[in-house]
Every structure is written in C-alpha cells, then in structure tokens.
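Input: a single structure, listed below in structure tokens.
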Amino acid sequence: MDRFYSSAVWSPRRQTPLECAQSIVTCLRSIPRLPDYFSNWRIVPEDLAGPDSLLPPPDDVEMLADYVESTALRNDRGEIMQGGGFSPRFMRLYGEHPIRLSPRCGVESRRGNNCLLEFPHPDWAPPETITHDIIRQSLRAVVTAWSADYAYVITHPFYDAQGMSARAARRGERPVGWLTFVSNDVDLDRTALDGLARVDETADGVWIELHGTPAEPLLDDALTVRRALGYSVSP
C-alpha cells in the first residue's frame, strides 16, 4: 500500500516571521497529537544528523519566529531575498520513522506558498493512527492555520494517474485527492459534483471526498472533480 501525504497551497502573501510562527503554532496544536504513538513535534536543524539532533520548538512564539526568520530564502551570496519567504521544517517520530511538516510561508512571488504534511506509512503505522477522521482533522488543521486556497490528501501514484505534469502545474492545475478542499476563491462548478462520496459546503469553501480509501481513491471521482475545476480531462 502506498503512503499518502497532504499538501495545502495559498496565493502569494506577505507574512512576517512572527505571523508565520503564529500559524505554525496553530497548526501544530490542531493536528491530532496521538501521544501513545508519536513523539512531540520537533524542529529539524539544517545539519540534521539523526533523531537525536532534532530540537524542541520554543514555547515562546517570538523565539519560534527567530527560527522561522533563520530559514529565509537566500541567494548564492547568502543575502536574504526579499519576498522569498521562509522554509521552517518540523518532524515527529513513530519509533524511528519520521513524519514531516514542511511549510513554505511568506512568499510574495507567483510561486506562492504551501505546506506539506506526511502521514504515517500504512506498512508500519497502526491503522488507528491514519483513520479517516484523523486525516480529516489533520488537513483541516493545516487549511485553517494557513487560510489555504486549496488542499488535498493523495498518494504519488494517484497524482500521476490524473495526468498531472509540470506543465499542468505551471498552468495552475492542482491534483484531486481522496480528500480535497477548494476555497471560495477558486473557480469550481459545484453543480457538477453529484455522485461523489461526500461534499460539504462551508463558509470558506467546499470539502470533497471521493469513494475508496485515502490510499486507493476512485479515479473516476477525481476526474469528475477535475472537470468541475475546469481542467481538461481526456476521455
């Protein structure tokens, strides 16, 4: 069975290190902790040598902001690139298996911002750590913390099965996962979403679930959502 992960994206947005740190705190506190299975979240240092070199995040949000600021995008001369954003990295462990949370925030260029959250691999994680409810809560935590425009839970094979490519991504296309969030700022024909497993409309956007499982969703459902997003779908 393939491992699945989530990605949330949002448009170019100026955020200070402190504002990013505040979103990080909200995100880490809202993702289900499951302390019987996972360690607490830790900062991943640039020179990570192993699990013992992971650093506990500071309790003070301003100190966390200092860490965020240290991850600013720099050019080849080591100079901070204004508007290039920040790339803090976090990890928690299931035994010796890493689970990563990697936001890219404060980016003001067209490339925009994103946050990657891994889920435990079904081959080594107990089923109770990757239930549907935990996956829903986790993605909602990321979407809420960053006010994301679009987010999804997916596997790499399912990403490829939809015909996603670098060219499609440059056009602004996004893959559809077993669970997908589409904000009100993204064009979506909501009348074309009939027959899916679940469609929940909220004040901020639409949550869509496909038939199947997070590791093996139904491709036809994904193509239905892609059509509703206005993407070209091969017959």
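Read-outs throughout are calculated quantities, based only on the coordinates presented, and are distinct from any laboratory measurement. Bear in mind that the values here come from a model prediction, so they are computed numbers and not experimental data. Note: ideal-geometry Cβ built from the backbone for every residue, glycine included; neighbour counts use all protein chains shown.
Brief remarks follow.
- From the Kirkwood radius over Cα pairs of segment 20-156, Stokes-Einstein at 37 °C and 0.692 mPa s returns a whole-number translational diffusion coefficient of 206 µm²/s.
- Per residue, the convex hull around the alpha carbon atoms of the chain comes to 134 Å³.
- For the pair segment 104-167 / segment 57-71, the C-alpha centres are spaced 24 Å from each other.
- Of the trypsin sites (Lys or Arg not before Pro) in segment 57-98, the ones in a loop by DSSP (not H, G, I, E or B) with at most 13 other beta carbons within 10 Å are 77.
- Förster-model FRET efficiency, 22 Å R0, residue 2 and residue 93, C-beta, rounded to 0.05: 0.55
- From helices alone, the chain scores -7500 deg cm²/dmol at 222 nm; the rule is -39500 (n - 2.57) for each run of n ≥ 4 DSSP H residues, then divide by the residue total.
- Spin-label model distance (nm) - residue 171 vs residue 194, 7 Å beyond Cα toward Cβ: 2.7 nm
- Dipole in debye (nearest 20) - the chain, about Cα centre, beta carbon charges: Lys, Arg +1; Asp, Glu -1: 580 debye
- Label point at residue 116 placed 7 Å out along Cα→Cβ; residues across segment 198-235 whose backbone nitrogen lies under 16 Å: none
- For segment 81-149, the extents of the C-alpha atoms along the principal axes are 43, 25, 15 Å, listed from largest to smallest.
- Computed from the C-alpha gyration tensor, the three semi-axes of the ellipsoid equivalent to segment 157-235 are 18, 16, 11 Å, from longest to shortest.
- The trypsin sites (Lys or Arg not before Pro) of segment 145-235 meeting both criteria, a DSSP state outside H, G, I, E and B (loop) and at most 11 other C-beta atoms within 10 angstrom of the site's C-beta, are 171.
- Averaging 1/r over every pair of different alpha carbons in segment 100-235 and inverting the result gives a Kirkwood radius of 15.6 Å.
- Under DSSP loop assignment and at most 14 Cβ neighbours within 10 Å, longest GluC sites (Glu not before Pro)-free interval of the chain: 97-235
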